[in-house]
Amino acid sequence: MWWDSQNLNQTRKSKSGEKLYFRVWHDVFTLQRTLSVTRIFFWNEKRTQQGVVLLGPDANQHVRDIHALIEKLVADPQLRAKHERALRFPIERHYADYGAFPEEKEILERQT
């Protein structure tokens, strides 16, 4: 489900003045155990830089940690480059379900 509260989707500006947009998705499901997963999508105004940070079931996903990670993405172009990936827009249509990325499919296979 899309996380529409707690200012996670707020537009932010980098030090260079570039606007960065964020959209956060998270889900909780049960296979052999309960798993919580999160994705932090980001892109700039011209969509020349875009990507997603995938937080698997073993990552800390508290809202304050997600805010901190978003602030790090805003401040650090190298971190954004590390998570750069071509995205399909509108994001809500293409990434609504878990397993949209190969890394997620691997997690699902390990858990079943």
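The values are calculated or read from the model by the stated rules, or taken from the named source; none is laboratory data. As the structure is a computational prediction, the values presented were derived from the model and not from experiment. Note: ideal-geometry Cβ built from the backbone for every residue, glycine included; neighbour counts use all protein chains shown.
Please state which one of VAL37, VAL63, VAL74 is over 21 Å from ILE107 (Cα atoms), at pLDDT below 95 and among the hydrophobic types (A, V, I, L, M, F, W, C).
Matching residue, one of VAL37, VAL63, VAL74: VAL63.
Checking GLY99 against (1) at pLDDT below 95; (2) at negative phi, only one condition comes out false. Which one?
(2)
Of these, TRP43, TRP25, which one is aromatic (Phe, Trp, Tyr), at pLDDT 95 or above and either within 23 Å of LYS105 (Cα to Cα) or surrounded by fewer than 18 Cβ atoms within 10 Å (Cβ to Cβ) (or both)?
On inspection, the qualifying residue turns out to be TRP25.
Does any residue in the range 60-75 that is closer than 17 Å to LYS13 by Cα come within less than 9 Å, Cβ to Cβ, of a residue that is assigned to a helix (DSSP H, G or I) six or more places away or on a different chain, and which pairs are these?
Once the first residue is closer than 17 Å to LYS13 by Cα and sits in the range 60-75, its partners that are assigned to a helix (DSSP H, G or I) give LEU69/LEU79; LYS72/LEU79; LEU73/LEU79; LEU73/ARG80; VAL74/ARG80.
Within the range 96-108, identify whether any single residue is surrounded by 14 or more Cβ atoms within 10 Å (Cβ to Cβ), more than 21 Å from PHE29 (Cα to Cα) and not basic (Lys, Arg), and answer yes or no.
Looking for residues that are surrounded by 14 or more Cβ atoms within 10 Å (Cβ to Cβ), more than 21 Å from PHE29 (Cα to Cα) and not basic (Lys, Arg), one finds none in the range 96-108, hence no.
Give me a count of the residues in the range 1-38 that are within 17 Å of LEU87 (Cβ to Cβ) and among the basic types (Lys, Arg).
Counting residues in the range 1-38 that are within 17 Å of LEU87 (Cβ to Cβ) and among the basic types (Lys, Arg) gives 2.
List the strands (runs of 3 or more DSSP E) that sit entirely inside the range 1-100 and contain at least 1 residues that are under 13 Å from the mean Cα position of the chain (by Cα) and among the charged types (D, E, K, R).
Ranges flagged: 19-30, 34-44.
Test GLN78 against the criterion of being surrounded by 14 or more Cβ atoms within 10 Å (Cβ to Cβ) and not aliphatic (A, V, I, L, M), and give yes or no.
Taking the combined requirement at face value, the residue does not satisfy it.
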